[in-house]
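These notes are about the structure you will find just below.
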Amino acid sequence: MSSGLPTAEPRPTVENHPYWEGTAQGRLVLPRCTACGTVIWYPRAFCSSCRGTDVEWFEASGRGTIYSFTISHRGQGPWRDVAPYVVAYVELEEGPRVLTNVVGCDPDEVKVAQPVEAVFEPAGEYALLRFAPAGTTS
Amino acid sequence: MSVRGAAFIAGAYEHPLREIPDRTVAQIHAEVAAGALADAGLGFDDVDGYFCAGDAPGFGGLSMADYMGLQLSYVDNTETGGSSYLYHVGHAAAAIAAGKCRVALVTLAGKPRTGGPPPGGAGRFFDAPESGFETFWGIPGAIGGYALAAQRHMYEFGTTSEQLAEIKVAASLHAQHNPNAFLPDPVTVEEVVDSPMICSPLHRLDCCVITDGGGAVVVVAPEVARQLDRTCAKVLGHGEAPKHTANGRIDLTYSGAVWSGPRAFEEAGVTPADVDYASIYDSFTITVMMTLEDLGFCEKGKGGPFVADGALVAPDGRLPFNTDGGGLCNNHPANRGGMTKIIEAVRQIRGEAHPAVQVPDCRIALAHGTGGSLGMRHGSATLILGQEDA
């Protein structure tokens, strides 16, 4: 499934590359602090909750709910031609609230607290983590 | 150590133009600096402290000190977006209290309207550690993050577009008295909610204006203020706080004002009930509503009912706000509204606001800035000013 939204190519760093390598395989791989157990977002090798620097990478469920969203009617650059589109914070089952797009549905049907699930859209060697309404992606 | 009474704002100047195609950003910085110094009865040679943010070109304080020929014992380039200048006044007061300088100049300038360079610092976002997780989603400039905050506010508290529109209406009623205002005509709630949707739930008229321009203030030590033939605004209190995404657990329902406000009130020795006039950062209508709640002017979630009955309209509302028309209608130079918030608060304390919107015997004024994004990370700063004997 492709949303048709622009997909700029990610540039992984030495700090966050496990996340991006996960996307290439269609897997949501997140860092967890080995000291305090917090699932860290955005992906990095530093836990801002306890300042731990040892993280383990694990596969998350890809399920979440919409914490907030906006329907953008005025895209800029390559987004100009695809408006209206949905930008959202999705709260993952594992805790973090991640910025993303909600795709695969009419923007007017999107609601706060709606269950969603991850979809990965190819972007160069990697993929972008977007979300679609739960139950619509398989 | 407290900054209460340690410093006074002796000079304030807002550039009268909203489109300045024929001058450089450095030129506008120098022009507003001269204006604020003249307002105070001081000159460039009196300045020994200089404060600027990311809108200043080149090396910021170094480049502008060079341009203006300043001989400085103190320089501060604190950059928190549009709230930077409220940080600067607090930092200037602290530096003066510590004996590091006596006459501190703070300047802002930019020209986003006529194609000047974007505010400095923007390029640094590309290598920010968070950028790879925030730049792929088509968030269209500043409004996206504020729209996310507004949507959540509506979900949790039942806030409506009509309530947000009341904030624009109040600003427009004030702007009609400001001959320099970019949008001088009053608008109605219906006109706001019927204007084009940009990023739901925010409409075009929920947004601030985009203007060229600038402004400056001069912060001085008490012994300098006493020698000047000019009414000064006393710095009573200052608080600042960045709010961030909290390891991915961002809560969009409040801003850093929940921390900066109490710090400023405590230092000033006043409460929200003592505030006669408030300059509230108004990049978007939601910014004002959340800030009113977070500063304690009303309960969390009750911002909608608070603004719905004309509370913000000068001179008779319960909390007259942004009597120059604010960023929503008057001026948001360089996409940064903090400086104009300070300047209008100084006008109110001096009794020099437009007579139609001057708050009678304005003894305590508050100015608040929100720089960055309510939807991600931002820098809040609260400044409380008083009459000279406050």
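Whole percent per 5 Å bin, from 0 to the bin with the longest distance: what is P(r) over all C-alpha pairs of segment A:12-60?
Reading upward from the zero bin: 5, 27, 32, 22, 11, 3, 0.
Excluding ligands, DNA and RNA, what is the solvent-accessible area per residue of the protein assembly as shown at a probe of 1.4 Å, expressed in Å²? The partial results should precede the final answer.
Details: 19350 Å² over 528 residues.
Heavy-atom accessible area per residue stands at 37 Å².
Give me the one-decimal nm value for the distance between modelled label points at A:Asp106 and A:Thr53, 7 Å along each residue's Cα-to-Cβ direction.
5.3 nm
So, with a 1.4 angstrom probe, what is the percent of accessible area on segment B:1-120 that is carbon and sulfur? Let's see the in-between values first.
Values: 2370 of 4450 Å².
Carbon-and-sulfur percentage of accessible area, whole number: 53.
What total accessible surface area, summed over both chains, is buried at the interface between chains A and B, computed with a 1.4 Å probe and given in Å² to the nearest 100? Could you put the intermediate results ahead of the total?
Details: alone 7740 and 14720 Å², together 19350 Å².
Summing both sides, the interface buries roughly 3100 Å².
Find the percent of Cα-Cα distances in chain A that exceed 26 Å, and round it to a whole number. List each step's numbers first, then the result.
On the way: 2289 of 9453 pairs.
The calculated P(r) of chain A puts 24 percent of pairs beyond 26 Å.
In debye, nearest 20, what is the charge dipole magnitude of segment B:130-269 about its Cα centre with +1 on Lys and Arg Cβ and -1 on Asp and Glu Cβ, if you could check?
Details: 9 positive and 17 negative charges, 74 e Å.
It comes to approximately 360 debye.
Excluding residues fewer than 8 places away in the same chain, name every one of the aspartates and glutamates whose C-alpha is closer than 16 Å to that of B:Lys100.
List returned: B:Asp46, B:Asp48, B:Asp76, B:Glu223.
Between B:Asp316 and B:Glu266, how high is the FRET efficiency from 1/(1 + (r/R0)^6) when r is the Cβ-Cβ distance and R₀ = 35 Å? Nearest 0.05.
Details: r = 29 Å, r/R0 = 0.84.
FRET efficiency, B:Asp316 to B:Glu266: 0.75.
Under 12 Å from a label point 7 Å along Cα→Cβ of B:Asp251: give me every residue in segment B:257-284 with its amide N that close.
Correct set: B:258-259.
Would you list, by chain and number, the aspartates and glutamates whose Cα falls below 15 Å from the Cα of B:Lys111, excluding same-chain residues fewer than 8 positions away?
Cα-Cα hits under 15 Å: B:Glu14, B:Glu19, B:Asp22, B:Glu31, B:Asp55, B:Asp212.
Students sometimes get this wrong: rank B:Arg152, B:Arg102 by accessible area, probe 1.4 Å, all chains present, largest first.
These residues rank, largest area first, as B:Arg102, B:Arg152.
Within segment B:4-102, which chymotrypsin sites (Phe, Trp or Tyr not before Pro) sit in a loop by DSSP and count at most 14 neighbouring Cβ atoms inside 10 Å?
Numbers: sites: B:Phe8, B:Tyr13, B:Phe44, B:Tyr50, B:Phe51, B:Phe59, B:Tyr67, B:Tyr74, B:Tyr85, B:Tyr87; in loops: B:Phe59.
In loop regions of segment B:4-102 (DSSP not H, G, I, E or B), the sparsely surrounded chymotrypsin sites (Phe, Trp or Tyr not before Pro) are B:Phe59.
Could you please state how large a percent of the accessible area of segment B:268-322 is carbon and sulfur, counting protein chains only and using a 1.4 Å probe? Provide the component values of the computation, followed by the final result.
Working: 790 of 1590 Å².
About 50 percent, which is the carbon plus sulfur part of the accessible surface.
Reachable lysines from B:Lys243, Cα under 24 Å, same-chain residues fewer than 8 places away excluded?
Output for B:Lys243: B:Lys300, B:Lys302, B:Lys341.
From the backbone phi of segment B:202-219, what are the Karplus-calculated ³J(HN,Hα) couplings (6.51 cos²θ - 1.76 cosθ + 1.60, θ = phi - 60°) in whole Hz, Gly and Pro given as x?
So the Karplus estimates, Gly and Pro as x, are 9, 9, 3, 7, 7, 9, 6, 7, 10, 9, 6, x, x, x, 8, 10, 10, 10 Hz.
I need the Kirkwood Rh of the protein assembly as shown: take the reciprocal of the average 1/r across all distinct C-alpha pairs and report it in angstrom.
23.7 Å
Any idea what the dipole of chain A comes to, in debye rounded to 20, about its Cα centre with Lys/Arg Cβ at +1 and Asp/Glu Cβ at -1? Walk me through the numbers on the way to the answer.
On the way: 11 positive and 16 negative charges, 67 e Å.
Using only the charged Cβ atoms, the result is roughly 320 debye.
When only the heavy atoms of the protein chains count and the probe is 1.4 Å, how do B:Asp22, B:Asp274, B:Asp206, B:Asp229 rank by accessible area, highest first?
Working: B:Asp22 115, B:Asp274 65, B:Asp206 5, B:Asp229 155 Å².
Putting B:Asp22, B:Asp274, B:Asp206, B:Asp229 in descending order of accessible area: B:Asp229, B:Asp22, B:Asp274, B:Asp206.
The values are calculated or read from the model by the stated rules, or taken from the named source; none is laboratory data. Only a predicted model underlies this, so the values are computations on that prediction, with no experimental measurement involved. Virtual Cβ from ideal backbone geometry, glycine too; neighbours counted across all protein chains shown. These accessible areas exclude ligands, DNA and RNA; they are computed on the full protein's heavy atoms, side chains included. Shrake-Rupley method; radii C 1.70, N 1.55, O 1.52, S 1.80 Å.
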